[in-house]
Structures are given as C-alpha cells and as structure tokens.
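Following: one structure in structure tokens, then a few remarks.
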Amino acid sequence: MPVDPNSLFGMGNPLLDICATVDKDLLDKYALKPNDQILAEDKHKALFEELVKKFKVEYHAGGATQNSIKIAQWMIQEPHKVGTYFGCIGKDKFGEILKKKAEEAHIDAHYYEQDEEPTGTCAACITGDNRWSLVANLAAANCYKKDKHLDLEENWKWVEKANVYYIAGFFLTVSLESILKVAKHASDNNKLFCLNLSAAFICQVFKDNLMQVLPYVDVLFGNETEAAAFAKEQDFETKDLKEIAKKAQSLPKVNKKRKRIVVLTQGKEETVMALSDKIETFPVLPIDPKDIVDTNGAGDAFVGGFLSQLVQEKPPNQCVKAAHYAANVIIRQSGCTFPENPDFN
C-alpha cells in the first residue's frame, strides 16, 4: 500500500558521528571495550580531539534513532519525508551538517535548536577486526525540552500525523516526559509504539525510566547483550533468548488491542521474535566475513528495515526480512551509509 509522508515518527539524540579506524592502544588508553556503547565522561574529552588530530576521520550524521528513520526512508524511497525526526542540536557548524544530511536523506527533521550546548558527537572507534567502540558526548542532544519543542502546536501536529513511532532507549536518559507523551498518544489512538533497549546500561542504570515506558511498547527491539542485561535486571532467571523474548512480551501492557512483539537479534545468529502466542526464529542473510566493512550500523539498519515495512502495514515476517536485508547492506559500508537504491522486494 502507498505510504503517506510523516507516517513514521522518531525522536532521539541527533549526533554527528566522528568515525576513525584506530589501534588497540587508543582503546586501552581510554579504557574502551570493543563492541561497547557508553556515554562520555570527563576522561573522554581528550579522545575526541585526539581522534581528529591523529587519525583520518569521516563525519556521518548519526544518532541511533535518526539512523533508523533514515534507513526506513531509504528502503521506502518514495514519497520523500515518510519519516519525521525530532531531537536537539546546537546552533553551530556540526548542527548545520546534521540539517544538511537529514535533508539529503529525505527525512523531515524538526530540530530543537539552542545555543547553550554544542551539537552532540559520537566517537566511533573502529579496530581492524570489525569491532568498534562508541563514545557519545550528548551535549545539545541532552537538552531536548518537552515544553520548548514537543508541546508546541506546530510540532505536535507532526506527532499526530504519524501511525508508527520509534524511539531508541538512549533517549530515556534525556527526556522521559517527552517519550511518555508520545507513547501515550500512540496507545490512546491504537497506533504502534516501538522502543529499542539500545544498550546494557539503559536496562541497568535507567531501568526505572525504561519500565515506565514499557507498558506502552508494542514492538520491543534488542540484541543478545541487551536482552541478557534486561533479563537479569527483571529477575527473569533465564539466559535463553527465546524465554527472555516470551517473558518480555508478557510484561504489563496498556493497549490490550495489540499483543506486544519482541524482536531480539544476535549478530550472525538467527533473530528471535515473540509474536502472539509463538516464538519464531529467522536466519540472517549469509555474508562472507571478508565483505564485512563495519558492523557498527547493523542494529540501527535492522530497525530501519523493520520500520519500513511496519509503516506499510506488512506482516511481521516481512518486517524481519526487510530488517535482515538492510543490516546486510549496511555492514558492507563504512558508517551507517548506504548505496543509492535498495534491491529489496
């Protein structure tokens, strides 16, 4: 079915990714773990400067939610601006780059612009064996204000236009009240609200915020590491991914008209989905390890592919198929970048 502009709504932390291939010494110097995502602390400030000075860096428009909305738009192609995106940036050069990149990706970005903090950045430190470590300096992204942006009539109308909503768990550290307002709107109007666990620390440190939003979640995404952290925090007493999916599905839910779908990925292993009363598994597309350039954007791409079909009201198995396709394309590229046209049907 044809899909209308602004049917998909995303809200999150807009970050400019600073990507560089680095040596293990750099990871050790800043005590970074491979395949980990953390928030920058004071000790990481110098990391951003060192990356730009010592390594060949590439800049990509990033932030998990923004990446996923972009991928969904890329999968859909026409019409443009199916995806709307909200987040906070600074009035600076990096902010201008983000605006330009959003426009190039044909997403309808409505940023809250403020001048107290600079635009957020994310250091993506990639080491030789397709492992990466992400350090996010939220800066402006952390300044998103419900009353200054989301509540304004000219912005809220974009929320009302959408049928599918997606927010990465990372935004739980920024504006819980904004997430709850959107989640309640979705639930009250029987629209689809999707959330990503995003990182182990979200399930642990921000557990209370996460559990306030979970009753509104129709589709929950996560990977095996996040799922394990979530299960432990929730006392699920199991490490079995299928069991975790089933238990996450049965947690309390406000909108009883829809049963929650839980989608858990595990890298090159099969994806697990809890759907109505059954657990299904879907093998990922095969890929030769030597064709893998950068697995960093795989999770965001997976969600983007999934959303591209969800917003077109396709069945869940078709959503997973598109998710696997998008992730398979993205890991062949550096950063969360993609070829001109998708080859998916």
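The set of residues in the range 152-171 that are more than 23 Å from Cys203 (Cβ to Cβ) and either within 19 Å of the chain's Cα centre (by Cα) or free of Cβ contacts under 8 Å to residues at least 12 places away in the same chain (or both) comprises Leu152, Glu153, Glu154, Trp156, Lys157, Val159, Ala162, Asn163, Val164. What residue, among those in the range 186-197 that are touching a Phe, Trp or Tyr at 6+ places or on another chain (Cβ under 8 Å) and open to solvent by 10 Å² or more (accessible area, probe 1.4 Å), is nearest to Ala227 (Cα to Cα)? So the residue we want is Asn196.
On the given criteria, is Asp108 under 20 Å from Ala199 (Cβ atoms), touching a residue at least 24 places away in the same chain (Cβ under 8 Å) and within 22 Å of the chain's Cα centre (by Cα)? So Asp108 fails the test. For the range 64-104, name all the residues that are part of a loop (DSSP other than H, G, I, E, B) and open to solvent by less than 10 Å² (accessible area, probe 1.4 Å). Within the range 64-104, Val82 is the sole residue that qualifies.
Only one residue in Lys246, Lys278, Lys257, Lys232 is under 27 Å from Trp132 (Cα atoms) and among the basic types (Lys, Arg), so which one is that? Break it down into steps so the answer makes sense when it comes.
Details: Lys246 fails: under 27 Å from Trp132 (Cα atoms); Lys278 fails: under 27 Å from Trp132 (Cα atoms); Lys257 fails: under 27 Å from Trp132 (Cα atoms).
Residue meeting the stated conditions: Lys232.
For first residues located in the range 313-337 and more than 11 Å from Val284 (Cβ to Cβ), partners that are acidic (Asp, Glu) and at pLDDT below 90 and lie 6+ apart or on another chain with Cβ distances below 6 Å form the pairs Ser334/Asp294. Within the range 159-180, which residues are in a helix (DSSP H, G or I) and either of a type in the set (Val, Ile, Thr) or crowded, with 17+ Cβ neighbours inside 10 Å (or both)? Passing the criteria: Val159, Gly169, Phe170, Phe171, Leu172, Thr173, Leu176, Ser178, Ile179. Set side by side, the residues Lys256, Lys239 differ, and just one is among the charged types (D, E, K, R), farther than 30 Å from His60 by Cβ and in contact with a helix residue (DSSP H, G or I) (Cβ under 7 Å, 6 or more places away or on another chain), which is Lys239. Kindly indicate whether Ala61 is of a type in the set (Gly, Ala, Ser) and in a strand (DSSP E or B). In short, yes. Taking the criterion of being in a loop (DSSP other than H, G, I, E, B), surrounded by fewer than 19 Cβ atoms within 10 Å (Cβ to Cβ) and either more than 21 Å from the chain's Cα centre (by Cα) or among the hydrophobic types (A, V, I, L, M, F, W, C) (or both), the residues of the range 247-283 that qualify are Ser250, Leu251, Pro252, Lys253, Val254, Lys256, Lys257, Arg258, Lys259, Ser276, Asp277, Pro283. For the range 111-141, the set of residues classified as in contact (Cβ under 8 Å) with a residue 60 or more places away in the chain and open to solvent by 60 Å² or more (accessible area, probe 1.4 Å) consists of Gly128, Arg131, listed by residue number.
In the condition set (1) over 30 Å from Asn345 (Cα atoms); (2) open to solvent by 10 Å² or more (accessible area, probe 1.4 Å); (3) of a type outside the set (Asp, Glu); (4) in contact (Cβ under 8 Å) with a residue 60 or more places away in the chain, Lys54 is compliant with all but (4).
The values are calculated or read from the model by the stated rules, or taken from the named source; none is laboratory data. Not measured: the values here are computed from a predicted model. No Cβ is skipped: glycine too gets one built from the backbone with ideal geometry, and neighbour counts run over all protein chains shown. Each accessible area value is taken on the protein alone, full model and side chains, heavy atoms only, with ligands, DNA and RNA left out. Shrake-Rupley method; radii C 1.70, N 1.55, O 1.52, S 1.80 Å.
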